[in-house]
Amino acid sequence: MNLTLKIWRQQNHADKGGFRTYSITGISEDMSFLEMLDVLNEELTEKGEDPVHFDHDCREGICGTCSLFINGRPHGPKQTTTCQLHMRSFSDGDTITIEPWRAKSFPVLKDLMVDRGAFDRIIQAGGYVSVNTGGVPDANEIPIPKVIADEAFDAATCIACGACVAACKNASAMLFVSAKISQLALLPQGQVERRERAEKMIAQMDAEGFGACSNTGACSAECPKGIKQSNIARMNREYYAASVVTENV
Amino acid sequence: MSWVTKTLDSTLGRKLLMALTGLFLILFLVVHLAGNLQLLAGDGGDAFNVYAEGMAVNPLIRAVSILNFSFIALHVIYAILLSRHNKKARPVAYAVTNPSANSTWASRNMGILGTVIFIFILVHLRGFWYRLKFGTPEKVMIDGVEYKNAYIIVEEAFKNPIYSGFYVLSMIFLAFHLYHGFASAFQTVGLRHKKYTPLIQKVGIGFAILVPALFALIPIVMYIQSL
Ligand code: HEM
Ligand code: FES
């Protein structure tokens, strides 16, 4: 395949940045999107140019590190991660526009790499369960109904890639935060900190400057893990209940 | 800030206010429609005039009407606050977007739809409510009692095809606002359930079509009657 790539290049956060156009030839349709970029980067390196910076790690669709806004959609035309997107989803001669995630809370570090530290800070604010050290409890000691366990597990499949923020017209992080709140709120182990968790994580989410939810559903539609809108409704309930019952005046 | 204002000033709290005021306005639409359909009773406006006068003097209705005005104001104020906040969350726009791949047009354009509805409400209040309350409307005798002739104001207004056309057009905007807004408000207040959400979504679409259509029917019929 021969392709034209319009790629966002930006030296650092302070730089204004802009698009550069590259032609690339001889791409196999069995390559992943990131492998296609690897080919481009090798060519750029050989020419002595600065390679295009982009995030990646596992390349197995499980870590959530890869990103990229491809032709107007996060992770491109398929509901998967960019590392699992294959060039057969494109046609010979296509022009592909590649941009970084765009959000005030995800500042561009360089080219297509953004700083998703805001997500880490939201987790640090309350997305955990405190467990006292001691003997390892027996497996299955705490009974959990299968449907609840499944629901919690579905929420826990969120890989925090940030596609929800990238897809949302408001750059809202509600789908991410709601998945992280849900996975703990549904399980017995999460009950101790349940109320405070909702308050703290949402306060941090707002402090980071993410937008509000307009219920467009774009986040779920683009989420590589198919995290559901029902999590957002649950987060709303958790938050309203928390603000009524906790003793934080 | 107290915990109440802190909660209501969060992104979730602001959206909750949007949803609650929106749901109240949805209820109001039903009541308003039921009253207005009397314009089509074919009795020269008697039923409508008696109803309009009843609305104006009943203290309970007056209290609800004040609530209604404040909820419209709240809904609009929070629409502006949220829209501004949401815009700030993405200072650099994408060069290429493909939003129709993941969401409906109505859901992304509630602000535009709402703005047209707001202009409509202003025109509507100026044309009917203001004239009836602060103008000098004609009087009409019904069963020996004197009433303000609200009917004739409406009849006169809808003779104008531009005015009637504006009403019908505005109802299309309202329809799209409700097409997304009805079910969205339930989601916002946290009412989502495998059993009931599909029903809420269907009722929402039915409501979004039926209620604005019936509202639009009034100027259409009255314009045709005036020909
Ligand atoms: C009869 C009049 C109206 C009704 C019945 C109504 C109803 C609703 C409902 C039910 C929602 C959904 C709330 C949610 O998603 O939780 C909504 C959202 C919204 N309304 Fe209205 N509305 C009306 C008028 C207006 C006006 C006059 C404006 C503004 C200028 C407006 C602007 C908005 C905006 C911007 C949203 C979306 C907020 C967001 O999701 O970020 N609406 N409306
Ligand atoms: S690189 Fe790990 S999910 Fe794509």
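The values are calculated or read from the model by the stated rules, or taken from the named source; none is laboratory data. All values reported here derive from a predicted model rather than from experimental measurement. Reconstructed Cβ throughout: ideal geometry from the backbone, glycine too, with neighbour counts over all protein chains shown. Quick note on the areas: whole protein, heavy atoms, side chains included, nothing else; ligands and nucleic acids left out. Shrake-Rupley method; radii C 1.70, N 1.55, O 1.52, S 1.80 Å.
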Given DSSP loops and a limit of at most 14 other Cβ atoms within 10 Å, what is the longest stretch of chain B that contains no such trypsin sites (Lys or Arg not before Pro)?
B:1-193
With a 10 Å cut-off between alpha carbons and a GNM built on chain B, which of B:Tyr179, B:Tyr130, B:Tyr163 moves the most?
B:Tyr130
In degrees, nearest ten, helix A:117-126 long axis to first principal axis of chain A (Cα)
10
Relative to the first principal axis of the alpha-carbon coordinates of chain A, what is the inclination of helix A:146-156, with its axis defined by its Cα atoms, in degrees from 0 to 90 and to the nearest 10?
40
Under the 7 Å Cα-to-Cβ spin-label approximation, B:Ser226 and A:Glu46 lie apart by a distance in nanometres of 7.6
Sulfur and carbon atoms: percent of accessible area, the range A:37-196 [1.4 Å]
51
Area hidden from solvent between B and A (accessible, protein heavy atoms only, 1.4 Å, total, Å²)
3400
What would the Debye formula give as log10 I(q)/I(0) at q = 0.20, 0.27 Å⁻¹ for the alpha-carbon point model of the range A:48-88, no solvent?
-0.61, -0.94
Among residues of the range A:194-212, a drop of 40 Å² or more in 1.4 Å probe accessible area, assembly relative to the chain on its own, occurs for A:Asp206, A:Ala212
Could you sort out which of A:Lys16/A:Lys104; A:Lys169/A:Lys200; A:Lys169/B:Lys87; A:Lys180/A:Lys200; A:Lys200/B:Lys194 sit more than 20 Å apart by Cα distance in this structure?
A:Lys169/A:Lys200; A:Lys200/B:Lys194
Taking a virtual spin label 7 Å from the Cα of B:Thr97 along the C-beta vector, which residues in the range A:197-241 bring their backbone nitrogen under 18 Å of it?
A:210-223
Heavy-atom surface of the protein assembly as shown, accessible at 1.4 Å and reported per residue (Å²):
49
Need one number: nm distance between label points at A:Arg20 and B:Lys194, each 7 Å from Cα along Cα→Cβ, rounded to one decimal.
5.2
Please work out the FRET efficiency for the pair B:Glu146 and B:Leu20, using the Cβ-Cβ distance as r and a Förster radius of 30 Å; give the result to the nearest 0.05.
0.15
Does the range A:122-172 come out rounded, prolate or oblate, given a ≥ b ≥ c as the square roots of the eigenvalues of its C-alpha gyration tensor, rounded meaning a/c under 1.5 and, failing that, prolate meaning a/b above b/c?
oblate
Using a Gaussian network model of chain A whose springs link C-alpha atoms within less than 10 Å, name the residue from A:Thr80, A:Thr216, A:Thr133 with the highest mean-square fluctuation.
A:Thr133
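Let me know the mean shielding of B:182-195 by other chains, meaning the per-residue number of their Cβ atoms within 10 Å of its Cβ. Walk me through the numbers on the way to the answer.
Numbers: counts 0, 1, 5, 1, 2, 8, 7, 4, 10, 3, 9, 2, 1, 0.
Across B:182-195, the average partner-chain Cβ count within 10 Å equals 4.
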Rounded to the angstrom and largest first, Cα extents along the principal axes for the protein assembly as shown equal 95, 60, 40
Along chain A, longest interval not containing exposed trypsin sites (Lys or Arg not before Pro), exposed being DSSP loop plus at most 14 other Cβ atoms within 10 Å
A:48-249
Just grab the label-to-label distance for B:Leu37 and A:Gln124, each label 7 Å out from Cα along the Cβ direction, in nm (one decimal).
5.9
With just the Cα atoms defining each centre, how far is the range A:82-144 from the range A:158-217? Give it in Å.
12
Quotient of Cα Rg and 2.2 N^0.38 Å for chain B, N being how many residues it contains
1.16
Longest principal axis of chain B (C-alpha) makes with the long axis of helix B:46-57 (C-alpha) an angle, in degrees to the nearest 10, of 60
Evaluate 2.2 N^0.38 Å with N set to the residue count of the range B:104-200, then give the Cα radius of gyration divided by it.
1.52
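Using helices alone, what [θ] at 222 nm do you get for the protein assembly as shown, with -39,500 (n - 2.57) per DSSP H run of 4 or more residues, divided over all residues and rounded to the nearest 500?
Numbers: 18 runs with 253 residues, N = 476.
So the calculated ellipticity at 222 nm is -17000 deg cm²/dmol.
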Förster radius 45 Å - calculated FRET efficiency between A:Glu60 and A:Val192, Cβ distance, rounded to 0.05
0.85
Fraction of accessible area attributable to carbon and sulfur, the range B:1-156 (%, probe 1.4 Å)
68
Partner shielding of A:161-170, as the mean number of partner chain Cβ atoms within 10 Å, equals 4
Protection proxy ranking of B:90-96, A:134-140 - average other beta-carbon atoms within 10 Å, highest first
B:90-96, A:134-140
Counted charge near B:Val76, where neighbours are those whose Cβ lies closer than 15 Å (Asp, Glu -1; Lys, Arg +1)
+3
Other protein chain Cβ atoms within 10 Å, averaged over every residue that makes up B:80-92:
6
Which whole-number percent gives the relative contact order of the range B:76-227, counting Cα pairs below 8 Å spaced six or more residues apart?
25
Chain A, Gaussian network, Cα under 10 Å: of A:Ala203, A:Ala218, A:Ala103, the residue fluctuating most is A:Ala203
